[in-house]
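Trainee: Below are the structure tokens for one structure; questions will follow.
The values are calculated or read from the model by the stated rules, or taken from the named source; none is laboratory data. Just so you know, these numbers come straight off a predicted model, no measurement behind them. With ideal geometry, Cβ positions are generated from the backbone for all residues, glycine too; neighbour counts draw on all protein chains shown.
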Amino acid sequence: MNKPRILIIDIETSPIISYTWGLFDQNVALNQILQDWNILSYAAKFLGEKKVYYNDLSKAKDVHNDKKLLEELWKLLDEADIVIGQNSVEFDVKRIKARMIIHGMKPPSSFGQLDTMKIAKKHFNFTSNKLEYLSKTLGTKHKKLSHNKFAGFDMWKECLKGNKEAWNEMKRYNIHDILSTEELYMKLQPYDNGLNMNLYTDEVAYNCGACGHDEMKKNGFKFTSKGKYQRYKCTRCGSEARGTTNLFSKEKRKSLKV
């Protein structure tokens, strides 16, 4: 193993169908729910690989039985070291786990998580942190798609009716989100320290923790309250890192006041 298996993931879910007495500010009780939500489709891709995994319930006898999708997602998550998505920490991964435990499935192997929305919020102050805005503003090749024939909620409604055109649009929409999220992550990663690729190899080499590139140039020093450390910068992505050896002498370290 010389690099982590990084899975990009995105799911689409059905709406909760319920009884209500109005359009605004409704509190829906549990006994008003006619049909709970479930996963309708998923798209996934390992970072840097060409293959895109996709499946949906367009041919299922029961559009609310997502067990087969969950079994496929379990295998992908079980293989992953890191999972990346747009709002995936609060939505996609938790929703997947909720449906897994409902189906009586055991958890997949543990994995780390990186969320492009959280990275954007942490390091920047964009006008919007939505995928549509970020992919357009940062100039990714695969920008988030707008709905074509089935705008907004119509796509989900028509999918539940079995409309093949709507399912085709959902597939296109879902897969494109994966490609857009992958490119967005590659744009954001030099600014974030959530992933260190050097942890996933036994090779004794100082590669870039963000992108894995094998050329890091010395770039001044990093100073803390207790030490001085060599600073490095990746020649490919520009990510910064520092060494772990305190370059101050023992005498200098003893003289420091904290």
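Trainee: Counting only residues that are touching a Phe, Trp or Tyr at 6+ places or on another chain (Cβ under 8 Å) and among the charged types (D, E, K, R), how many does region 25-65 have?
Mentor: 2
Residues are listed down the side, and each one gets a yes or a no for (1) among the aromatic types (Phe, Trp, Tyr); (2) over 24 Å from Met117 (Cα atoms):
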{"site": "Pro15", "(1), (2)": "no, no"}
{"site": "Tyr19", "(1), (2)": "yes, yes"}
{"site": "Ala29", "(1), (2)": "no, yes"}
{"site": "Ile39", "(1), (2)": "no, no"}
{"site": "Glu49", "(1), (2)": "no, no"}
{"site": "Asp56", "(1), (2)": "no, yes"}
{"site": "Lys68", "(1), (2)": "no, yes"}
{"site": "Glu72", "(1), (2)": "no, yes"}
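Trainee: Let me ask something else about it. Given the condition in a helix (DSSP H, G or I), exposed (fewer than 13 other Cβ atoms within 10 Å of the Cβ) and in the same structural domain as Thr13 (by TED's automatic domain parsing), answer yes or no: does some residue in region 86-97 qualify?
Mentor: Taking every residue of region 86-97 in turn, at least one turns out to be in a helix (DSSP H, G or I), exposed (fewer than 13 other Cβ atoms within 10 Å of the Cβ) and in the same structural domain as Thr13 (by TED's automatic domain parsing).
Trainee: Looking only at helices (runs of 4 or more DSSP H) that lie completely in region 122-215, which have at least 1 residues being closer than 18 Å to Gly85 by Cα? Step through it out loud before you land on a result.
Mentor: Numbers: elements: 131-137, 154-161, 164-188.
Passing ranges, in order: 131-137, 164-188.
Trainee: Also: Would you please name the residue that is nearest to Ala210 (Cα to Cα), looking only at residues in region 54-67 that are basic (Lys, Arg) and surrounded by fewer than 13 Cβ atoms within 10 Å (Cβ to Cβ)? Break it down into steps so the answer makes sense when it comes.
Mentor: Pass one, region 54-67, residues basic (Lys, Arg): 59, 61, 67.
Checking which are surrounded by fewer than 13 Cβ atoms within 10 Å (Cβ to Cβ) leaves us with 59, 61.
Values: Lys59: 40, Lys61: 44 Å.
The residue in question is Lys59.
Trainee: Can you find, within region 11-66, the residue that is farthest from Phe91 (Cα to Cα) among those that are of a type in the set (Gly, Ala, Ser) and part of a loop (DSSP other than H, G, I, E, B)?
Mentor: My answer is Gly22.
Trainee: Return yes when Ile17 is within 25 Å of Asn163 (Cα to Cα) and touching a Leu at 6+ places or on another chain (Cβ under 7 Å) and no when it is not.
Mentor: yes
Trainee: Now a separate question. Might you check whether a residue that is assigned to a strand (DSSP E or B) and more than 23 Å from Glu169 (Cα to Cα) occurs anywhere in region 67-74?
Mentor: Among the residues of region 67-74, not one is assigned to a strand (DSSP E or B) and more than 23 Å from Glu169 (Cα to Cα), which makes the answer no.
Trainee: Okay, next question. I'd like to verify a number: residues in region 216-258 that are of a type in the set (Asp, Glu) and surrounded by 11 or more Cβ atoms within 10 Å (Cβ to Cβ), how many?
Mentor: So in region 216-258, the residues of a type in the set (Asp, Glu) come out as 240, 251.
So of that shortlist, the ones also surrounded by 11 or more Cβ atoms within 10 Å (Cβ to Cβ) come out as 240.
So the count comes out to 1.
Trainee: Looking at region 98-117 only, could you name the residues that are basic (Lys, Arg) and part of a loop (DSSP other than H, G, I, E, B)?
Mentor: Lys106
Trainee: Can you go through Lys45, Lys51 and tell me which one is modelled with pLDDT of 95 or more, loosely packed, with under 11 Cβ neighbours inside 10 Å and within 30 Å of Thr201 (Cβ to Cβ)? Before you say what the answer is, go through the steps one by one.
Mentor: Values: Lys45 fails: loosely packed, with under 11 Cβ neighbours inside 10 Å.
Going through Lys45, Lys51 in turn, just one is modelled with pLDDT of 95 or more, loosely packed, with under 11 Cβ neighbours inside 10 Å and within 30 Å of Thr201 (Cβ to Cβ): Lys51.
Trainee: Within region 58-80, track down each residue that is more than 12 Å from Ile11 (Cβ to Cβ), over 18 Å from the mean Cα position of the chain (by Cα) and touching a residue at least 12 places away in the same chain (Cβ under 8 Å).
Mentor: The first filter runs over region 58-80 and keeps only residues more than 12 Å from Ile11 (Cβ to Cβ), leaving 58-65, 67-68, 71, 74-75, 78-80.
The next check asks that each one be over 18 Å from the mean Cα position of the chain (by Cα); those that pass are 58-65, 67-68, 71.
Once the filter is applied, which keeps residues that are more than 12 Å from Ile11 (Cβ to Cβ), over 18 Å from the mean Cα position of the chain (by Cα) and touching a residue at least 12 places away in the same chain (Cβ under 8 Å), region 58-80 yields Ser58, Val63, His64, Asn65, Lys67, Lys68, Glu71.
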